[in-house]
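The values are calculated or read from the model by the stated rules, or taken from the named source; none is laboratory data. For clarity, every value in this text was computed on a predicted model and none was experimentally measured. Glycine also receives a Cβ, built like all others from the backbone with ideal geometry; neighbour counts cover every protein chain displayed.
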Amino acid sequence: MLEFSLHNAWLIPLLPLLAFALIGLAMHRWPSVSAMISILSIGISMLLSALVAVLVFSLSPGEIYEASVRWLSMPGLQVNMGMLVDPLAAVMLVVVTGVAFLVQVYSLGYMKGDPGIASYFGYQSLFAASMLGLVLANNFGQIFVFWELVGVCSYFLIGFWFGKYSARDAAIKAFVTNRVGDFGFLLGILFLQIVFGTLNFQELSAAIPGYTNAAVLLPIAVLLFFGPVGKSAQFPLHVWLPDAMEGPTPVSALIHAATMVAAGVYLVARAFFIFNAIPQAMTLIAIVGGLTALFAASIAIAQNDIKRILAYSTLSQLGYMMMALGVGAMTAGVFHLMTHAFFKSLLFLGAGSVIIGMHEEQDIWKMGNIAPKMPVTTWTFIIGALALAGIPPLSGFWSKDEILLGAYASGHTGLYILGVLVAFLTAFYMFRLVFVAFFGKNTAGRDKAHESPAVMTIPLLVLAVAAVLAGLVNSPLMHHVFGHFINAPGAIQPHPNTAIIVFSTLAALSGILLAWLIYQREVIKAEVIKEKFSMAYKVLYNKYYIDEIYGWLGVRLVDGAARVLFWFDIHVINGFVNLTAWFTGKSGETLRYTEDGQVQTYAIYMFAGVVIVLITALCGVFTALA
Amino acid sequence: MEISLLGTEILLATLGFLALVTGLLPGRAKSITGSMSLAGLLLILVYTIAHFGEEASLFQGIYLVDNFAAYFKMLFLTATLLVSLGAGRYLERFENKKSEFYSLMVFATLGMVIMASAGDFITLYVGLELMTVSFYILTAFLLRDGLSTEAGLKYLVLGAASSAILLFGISLVMAYTGTTVIGATAARLMTEPAVVAGIVLLAAGFAFKISVIPFHMWTPDIYQGAPTPVTNYLSVASKAAAFAAMVRVFMVAVDAAPGLTLSWNLILAILAALTIIVGNLIALVQEDIKRLLAYSSIAQAGYILAGLAAANAYGLKGVLFYALLYVFCNTGAFIIATAVEVDSGSTAIEAFRGLSKRSPALAAIMTICLLSLAGIPPLAGFVGKFYLFAGAIQQGYLWLALIGLIMSMVSVYYYLNVSRVMYIEKAGKQEPVKGSGAFRLALWVCALAAIFLGCYPAPLSNLAQQAIQLFL
């Protein structure tokens, strides 16, 4: 059974794909059947993934399973497609299928009564298929295809309620912003193919160490990193992710928190051997990640929309993961990816439950005191918040600690301090959210709120258990088993350091304490702080005006250029195109009249054809003879 | 001699007679003809696949059993099966002549099989006539329909003329080489005006069957007049059969002849270019789906001919690959056209209005098939054109590949125009287009094949490679 699941791991993405096809082509008239097909397929994929993971972790370290088939071959180019199952892929399979399954079950409750349920589940299946395909890909070309596919699914699902202008705009924004990153990514892939003649990960990882021309490798690495910057919403391409919250909340949980946005981190981990070969690229990754972490965490402090706070938190945590990879702590980055997937999807689903319970209210200041009415949601949310804040022994604690440890041990003291600061900010903004929304003075919550149905709360409970326990796999308690399997050559794995554990825990606790003092006890008035730091608050509230800057640049540069090109297009290109079309159409019109329905005419054409060809051939022959 | 080497031919002949005989059964019993023919064809297809790889030269080289012939036999049987399955409710128009219909289809298939296996000109001609005569009858099968009978008569007159041309060519070649065995002519062909004339006439005879410009004039009228399933069969299978024979004659005899200096590649390349250009241009202005597909099929034949003109590994592989994918894509389009014709009584493209609302699956499959014909990736047509044009470029005919690419772009206009009508224009009727289970099965096979062969061409490409090995 185990062997079977490994050799047939391609079934894992295929099942959701079939579900998508089935829903899209046949079942879309029956929403509940569509939902069941989708959940069933991802459920089976989840079981298969679990079996694959069990088997992969029982292999000896370094052993992997790869299979590929020839897809296209011509002289000078052979394109294969295949799958690569190693511990990294196995972990991702389990995380993606597990979260996707829970989110789909939850969606049964969340999307109840929506007229588009069938297409919603269809897209969910397509997304799951693409994401799993991305995880299993064994070469860059294939990963790029799935990379674009998850992007398309994200586009569809952000704009799922396309009746709303804001949703449509957000979907377009996400797509366009990602194009910028993907363009660089594709260039990087093409350069890899040109320089090394292959896109296969195994072959590349064998070829890279022997390749010393850093002047070529560095641009390739930077171009490749464009992709993760877009997909994982790193500064400066982060602008799309907060707006992506226009999609249904389960979508935010699955795609824009747990899985798709982590694809960038996954890619960097997958291609770690390339980045690790070039110190400058690693430094770039670490700095971009660290900056994003700090930058987004600071914005989260001043936001009022529950989903936007979580969105900025996601940005910040993704930055954290990137930073971990950049300092060489590959295991820590992937570990945090896994724990984050659990607790962040828990938080999003909890937020969704609150939004439903509060009748579509998303402003935390209009909630308040909903804890008594929604006990399950509240307590699971708090578990998620504690895990995110990094309070021991919850999962976030172990993974965050690993990252800080990695930054410290590799000598990046500046990034380490930055990380501790982000940990403090994270604890602060999360508990600001918890205290205001769940325990606030506002009575609106108590009056309106109602607990969500079991189909929504059970996934919350399951994820809460995962958020508590998932960290143990790489804790000293279990002898870092996770780290022994997920490790790339050259990645660092430092020994635990008590001082670091104490510092980061203290930072988190003081963040919670500060939030409690300000927003619960109101020892320090929030309004007073706002007054005092009104400039800073305004900047943070407006997200450092990045959107405005992009907007201004867009208007000046893009619109200006567009105007010039528009003129050229209308007067020159169109004229030419219309002329061609006119000529083509006229030719067709003229030629059709050769067909007059008379057999005699047809025969004349035929015999004339014979004569002409014959004369031509004979002329050729006579010249050859002469 | 192993009798099993001729299994496909013997079984087909038996099935054809059986279909005739069961048609004589009284009352309802005669309705078994249809299912019996389909089951028989399926069995013969399985038999042919199982015997792929056998090599033999029978009757002193008159009849050849090889991978090339086997590939085309599979193609013909697949086409016959799909067309018969997809004909669906159209067959009701044939009233009490259904068994004759099946029987003639099977005999036409037998003729094609013989053409693909023929090792000498006379056998080839016999196979060709068996096929063509069956088609004369099938074309005029709707006796009460003026268009159908007119088409039958036109096809008979022009077909006879083209047969005369072909026979004249054969006789000239035979007169100068003293043999009709194709393989034996190669060594004896010389650069002699009469021999060149013979080869040109041979080429013209085949060109008529695959409707190459200017031998294409019959195509639109006959395609429009013939019963739609027959048109379908004519467009995919009879063309493939003519290509099979033409590839064998040109590769075995003409290309391999040491004493012949004739740039036949260039002549075919020019004809291919003309065919691609004119076929696509006239298709632009068609308003009838059958005429549209007729011109489209002329253009498609041009693409395939480009592969033969290239006459190298890529080009020939492309010919075989394309011929099969063309069976799937064109049949898919024709089956839907048949269903729409039965539903609306009209063959105008207008009749497709709002099909996406009425029968979304049909509209989607039609779009897939047409896009594949246009050569849009990731569908099969793209891969096929890739092989064909790659072959042409390798042979030095970059201009031919460019013409092919440009005209493929032009073709997207008329293919997508059908999609536009299906998806954008409003329907008069609301209820879905009816179709039987067999009809749906055939459609899904066509659509899935168009997608599968585009996404994963390697298996079929390997098979085609094996089939053309004997010419390289």
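Does A:ILE612 meet the test of being under 29 Å from B:ILE276 (Cα atoms), loosely packed, with under 13 Cβ neighbours inside 10 Å and at pLDDT below 85?
no
Quick check: anything in region B:461-472 in contact (Cβ under 8 Å) with a residue 60 or more places away in the chain, surrounded by fewer than 20 Cβ atoms within 10 Å (Cβ to Cβ) and part of a loop (DSSP other than H, G, I, E, B)?
Yes.
Only one of A:ILE287, A:ILE301, A:ILE278 is at pLDDT 90 or above and surrounded by fewer than 21 Cβ atoms within 10 Å (Cβ to Cβ); which?
Testing whether each residue is at pLDDT 90 or above and surrounded by fewer than 21 Cβ atoms within 10 Å (Cβ to Cβ) leaves just A:ILE287.
Of the numbered conditions (1) closer than 25 Å to B:ILE222 by Cα; (2) assigned to a loop (DSSP other than H, G, I, E, B), B:GLY259 fails exactly one; give the number of that condition.
With (1) closer than 25 Å to B:ILE222 by Cα; (2) assigned to a loop (DSSP other than H, G, I, E, B) applied to B:GLY259, the lone miss is (1).
Among what's in region A:598-615 and is assigned to a helix (DSSP H, G or I) and farther than 15 Å from B:ILE213 by Cα, pick the residue that is nearest to the other protein chains (Cβ to nearest Cβ).
A:VAL599
Kindly indicate whether any position in region A:428-440 is at pLDDT below 75 and outside any helix (DSSP H, G or I).
no
Return the pair list, or none, for Cβ contacts closer than 6 Å from residues in region B:427-445 that are at pLDDT below 90 to residues that are of a type in the set (Ser, Thr, Tyr), at least 6 apart or on different chains.
Pairs that qualify, where the first residue is at pLDDT below 90 and the partner is of a type in the set (Ser, Thr, Tyr), are B:PRO432/B:SER359; B:VAL433/B:SER359.
Can you find a residue in region A:83-94 that is more than 14 Å from chain B (Cβ to nearest Cβ) and more than 30 Å from A:LEU190 (Cα to Cα)?
Yes, some residue in region A:83-94 is more than 14 Å from chain B (Cβ to nearest Cβ) and more than 30 Å from A:LEU190 (Cα to Cα).
Hey, any hits in region B:95-103 for a residue that's without any contact (Cβ under 8 Å) to a residue 60 or more places away in the chain, crowded, with 22+ Cβ neighbours inside 10 Å and within 25 Å of B:ALA333 (Cα to Cα)?
yes
Which residues, counting only those in region A:398-422, are surrounded by 24 or more Cβ atoms within 10 Å (Cβ to Cβ) and either aromatic (Phe, Trp, Tyr) or without any contact (Cβ under 8 Å) to a residue 40 or more places away in the chain (or both)?
A:TRP398, A:TYR416
Restricting attention to region A:200-239, which residues are among the aromatic types (Phe, Trp, Tyr) and modelled with pLDDT of 85 or more?
If the condition is that a residue be among the aromatic types (Phe, Trp, Tyr) and modelled with pLDDT of 85 or more, then A:PHE201, A:PHE225, A:PHE226 are the ones that fit.
If I filter region A:514-522 for residues that are surrounded by 12 or more Cβ atoms within 10 Å (Cβ to Cβ), at pLDDT 85 or above and within 14 Å of chain B (Cβ to nearest Cβ), do I get at least one hit?
No, region A:514-522 has no match at all.
Considering each residue of region B:143-200, count those that are among the charged types (D, E, K, R), in a loop (DSSP other than H, G, I, E, B) and more than 10 Å from every other protein chain (Cβ to nearest Cβ), and give that number.
Number of matching residues: 2.
Could you list, in sequence order, the residues of region A:595-606 that are loosely packed, with under 15 Cβ neighbours inside 10 Å and out of contact with any helix residue (DSSP H, G or I) (no Cβ under 7 Å at 6 or more places or on another chain)?
A:ASP596, A:GLN598, A:GLN600, A:THR601, A:ILE604
Looking at this structure, is B:SER372 outside any helix (DSSP H, G or I) and among the small types (Gly, Ala, Ser)?
When the stated conditions are applied, B:SER372 does not pass them.
When the residues of region B:60-87 are narrowed to those that are in a loop (DSSP other than H, G, I, E, B) and at negative phi, which ends up surrounded by the fewest Cβ atoms within 10 Å (Cβ to Cβ)?
Step by step, filter region B:60-87, then rank; the result is B:ILE62.
Does region B:250-298 hold any residues that are within 12 Å of chain A (Cβ to nearest Cβ), among the hydroxyl-bearing types (Ser, Thr, Tyr) and either crowded, with 21+ Cβ neighbours inside 10 Å or touching a Pro at 6+ places or on another chain (Cβ under 6 Å) (or both), and which are they?
The answer is B:THR275, B:TYR295.
So is B:VAL230 closer than 17 Å to B:TRP264 by Cα, in contact (Cβ under 8 Å) with a residue 60 or more places away in the chain and either more than 11 Å from chain A (Cβ to nearest Cβ) or surrounded by 23 or more Cβ atoms within 10 Å (Cβ to Cβ) (or both) or not?
No.
Would you mention how many residues in region A:342-381 are on the phi > 0 side of the Ramachandran plot and among the aromatic types (Phe, Trp, Tyr)?
Going through region A:342-381 one residue at a time, the tally reaches 0.
Closer than 24 Å to A:ALA467 by Cα and either touching a residue at least 40 places away in the same chain (Cβ under 8 Å) or over 14 Å from the mean Cα position of the chain (by Cα) (or both) - does that describe any residue in region A:275-289?
Scanning region A:275-289 turns up at least one residue that is closer than 24 Å to A:ALA467 by Cα and either touching a residue at least 40 places away in the same chain (Cβ under 8 Å) or over 14 Å from the mean Cα position of the chain (by Cα) (or both).
Against the condition among the aliphatic types (A, V, I, L, M), at pLDDT below 85 and within 26 Å of A:VAL354 (Cα to Cα), how does A:VAL251 come out, does it pass?
Answer is no for this residue.
Output the residues belonging to region B:201-227 that are at the interface with another protein chain (Cβ under 9 Å from one of its Cβ atoms), within 16 Å of A:ILE615 (Cα to Cα) and not in a loop (DSSP other than H, G, I, E, B).
B:LEU201, B:ALA203, B:ALA204
Return only the number of the condition from (1) touching a residue at least 40 places away in the same chain (Cβ under 8 Å); (2) out of contact with any Pro (no Cβ under 7 Å at 6 or more places or on another chain); (3) more than 14 Å from every other protein chain (Cβ to nearest Cβ) that A:GLU63 does not satisfy.
Failed condition: (1).
Give me the residue from region B:125-152 that is hydrophobic (A, V, I, L, M, F, W, C) and in contact with a Ser or Thr (Cβ under 9 Å, 6 or more places away or on another chain) and, out of that set, farthest from B:SER211 (Cα to Cα).
Taking the candidates together, the pick is B:LEU143.
Read through the list (1) assigned to a helix (DSSP H, G or I); (2) under 16 Å from B:TYR303 (Cβ atoms); (3) more than 14 Å from chain A (Cβ to nearest Cβ), then give the number of the only condition that B:VAL421 fails.
Of everything listed in (1) assigned to a helix (DSSP H, G or I); (2) under 16 Å from B:TYR303 (Cβ atoms); (3) more than 14 Å from chain A (Cβ to nearest Cβ), B:VAL421 misses just condition (2).
Among residues belonging to region B:125-170 that are in contact with a Phe, Trp or Tyr (Cβ under 6 Å, 6 or more places away or on another chain) and among the aliphatic types (A, V, I, L, M), point out the one that is farthest from B:ILE222 (Cα to Cα).
Going through the qualifying residues, I end up with B:ILE170.
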